[in-house]
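The values are calculated or read from the model by the stated rules, or taken from the named source; none is laboratory data. The model shown is predicted, which means the values in this text are computed figures rather than measured ones. FYI the Cβ positions are ideal-geometry reconstructions off the backbone, even for glycines, and counts take in every protein chain you see.
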Amino acid sequence: MPERIVIIGGGFGGLACAQELGGTDYGVTVIDRRNHNLFQPLLYQVATAALSPADIAEPIRKTLGRYRNINMIMAGVIGIDVDRQQVLVDGGDRVDYDRLVIATGSEYNYFGKDGWRANAPGMKTIHEARQIRQRLLSSFEKAERVHDEQEKRNLLTYVVIGGGPTGVEMAGAISELGRFMINRDFRNIQPDQLKVILIEAGPKILAAFPEKLIDYARHYLEKIGVEVRTGERVLDVTSDGVTVGTEFIRTGCVVWGAGVKASPAHRWLGLDAVPGGRIPVDDHLRVVGHHNVFAIGDTADFKGTDAKPLPGLAQVAKQQGIYLGRLLNNRCADLTPFVFKNRGNTAVIGRNAAIFDFGKWTLKGRAAWFLWAFVHVYLLINFEKRILVSVQWIWRYLTRQRGARLIEERSIGESDGAMPSVVICQVTGPGGDR
């Protein structure tokens, strides 16, 4: 009987690990609660109608189908029995393993205010991105109909909470999308009625970037009409708007991106006190205290050369997945320890505007935007997606048109009682066509 390797999670790290083990003598099982792999760095483009969900997602079975030794189970994991070496999934089933890889990623952190989630969806799933898109587009349609000036302005006010890469990308995308649509497609609303507010509790946006790139990003956002507010904390989020300090801001849509935390996978191993929920691992990504359990990506507490945990980036998860797949395939515990090779940190601010931080040198502006686009196309799961996204980006760059500006019929009636627009975000990934 072949040795059984179970991988929990079909994201960047889990898929990279599985592909390295494809075609080997191992029996590999991938477990994920979704049937598809999602390219999350471009999810904000689904939310702002630049791409459709199918452009950035692909069924896991399609990706791994050519490997006859890999099976996929669509199920939610509810626990791990380390003594019996079994993964517990919903429905009462158990999946046996000889070696286990935990690649469950991260989720948004509402800092104990989980009730805000319904009014301020994050950017982790297709469902959330479509929710945001529905609310954004519906608010424009409602503003076109109303006659009261203040109500129009309330509907066209969008709050993005979180000044990380995702929040910056979302704020820039909403501002440019809104002004283009108003100028071209609407008759009863004006560009000066649109207001996009980016709120960051810390002293500056994009805190992980060098100061000169932060200054460039803030200046560009303000240039395209985004109001950047730092050092301010959101106290409440309701269906009508957000409370910031003593001020209540009525909005047309809310999006959350103010922080992330590791998945609850650490609890499956009885690790309740680990910082940020990340699972401690050694230099070979093996979970401390478990000889046959490994963790990679956002859920692993792996220290970089600066003694700080590696950031929750796609490139980190993918490099760790490839490394671990080769480690498991070689059955060699004394392989050279994992070393992260930083390919650069990036964020898109708007059309023709992005920033790149490579450590020793930086890049900004149009050149950074084109580099961002190239890198993100390259990281897409297969050749077909790369071609589709590239063609759409080129066309939309030349015409400024957006593709997926569709409002589901059932949401029209629902939107009358739906919340206004606030977008709370903190994401890592560039921003394609604006």
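Going residue by residue through the stretch 51-59, is there one that turns out to be surrounded by fewer than 24 Cβ atoms within 10 Å (Cβ to Cβ), at pLDDT 95 or above and hydroxyl-bearing (Ser, Thr, Tyr)?
Looking through the stretch 51-59, none of the residues is surrounded by fewer than 24 Cβ atoms within 10 Å (Cβ to Cβ), at pLDDT 95 or above and hydroxyl-bearing (Ser, Thr, Tyr).
With the structure loaded, tell me whether GLY178 is modelled with pLDDT under 95 and part of a loop (DSSP other than H, G, I, E, B) or whether it fails that test.
Spelling it out, it is not the case that GLY178 is modelled with pLDDT under 95 and part of a loop (DSSP other than H, G, I, E, B).
Please work out if THR346 is in contact with a Pro (Cβ under 9 Å, 6 or more places away or on another chain), assigned to a strand (DSSP E or B) and of a type in the set (S, T, N, Q).
Yes; evaluated as a whole, the condition is true for this residue.
Does GLU227 satisfy the criteria of being without any contact (Cβ under 8 Å) to a residue 40 or more places away in the chain, surrounded by fewer than 21 Cβ atoms within 10 Å (Cβ to Cβ) and under 24 Å from GLY359 (Cα atoms)?
For GLU227, the condition - without any contact (Cβ under 8 Å) to a residue 40 or more places away in the chain, surrounded by fewer than 21 Cβ atoms within 10 Å (Cβ to Cβ) and under 24 Å from GLY359 (Cα atoms) - is not met.
Considering only residues that are more than 24 Å from GLY178 (Cα to Cα) and in contact with a Lys or Arg (Cβ under 9 Å, 6 or more places away or on another chain), which ones fall in the stretch 216-233?
Passing the criteria: only GLY231.
Which residue, of ASP272, ASP298, ASP240, ASP306, is over 24 Å from the mean Cα position of the chain (by Cα), outside the structural domain of ARG135 (by TED's automatic domain parsing) and under 30 Å from ASN119 (Cα atoms)?
ASP272
Which residue pairs have Cβ atoms closer than 8 Å, lie 6 or more positions apart in sequence or on different chains, and pair a first residue in the stretch 266-293 that is in contact (Cβ under 8 Å) with a residue 60 or more places away in the chain and over 19 Å from ARG4 (Cα atoms) with a second residue that is among the hydroxyl-bearing types (Ser, Thr, Tyr) and crowded, with 17+ Cβ neighbours inside 10 Å?
Correct list of pairs: ILE279/THR299.
In the stretch 117-127, how many are touching a residue at least 12 places away in the same chain (Cβ under 8 Å) and either among the acidic types (Asp, Glu) or part of a helix (DSSP H, G or I) (or both)?
Final tally of qualifying residues: 1.
Looking only at the stretch 181-216, which residues are of a type in the set (Val, Ile, Thr) and either within 22 Å of the chain's Cα centre (by Cα) or in a helix (DSSP H, G or I) (or both)?
If the condition is that a residue be of a type in the set (Val, Ile, Thr) and either within 22 Å of the chain's Cα centre (by Cα) or in a helix (DSSP H, G or I) (or both), then ILE182, VAL196, ILE197, ILE199, ILE205, ILE214 are the ones that fit.
Does GLY321 satisfy the condition of being out of contact with any Lys or Arg (no Cβ under 9 Å at 6 or more places or on another chain) and not in a loop (DSSP other than H, G, I, E, B)?
yes
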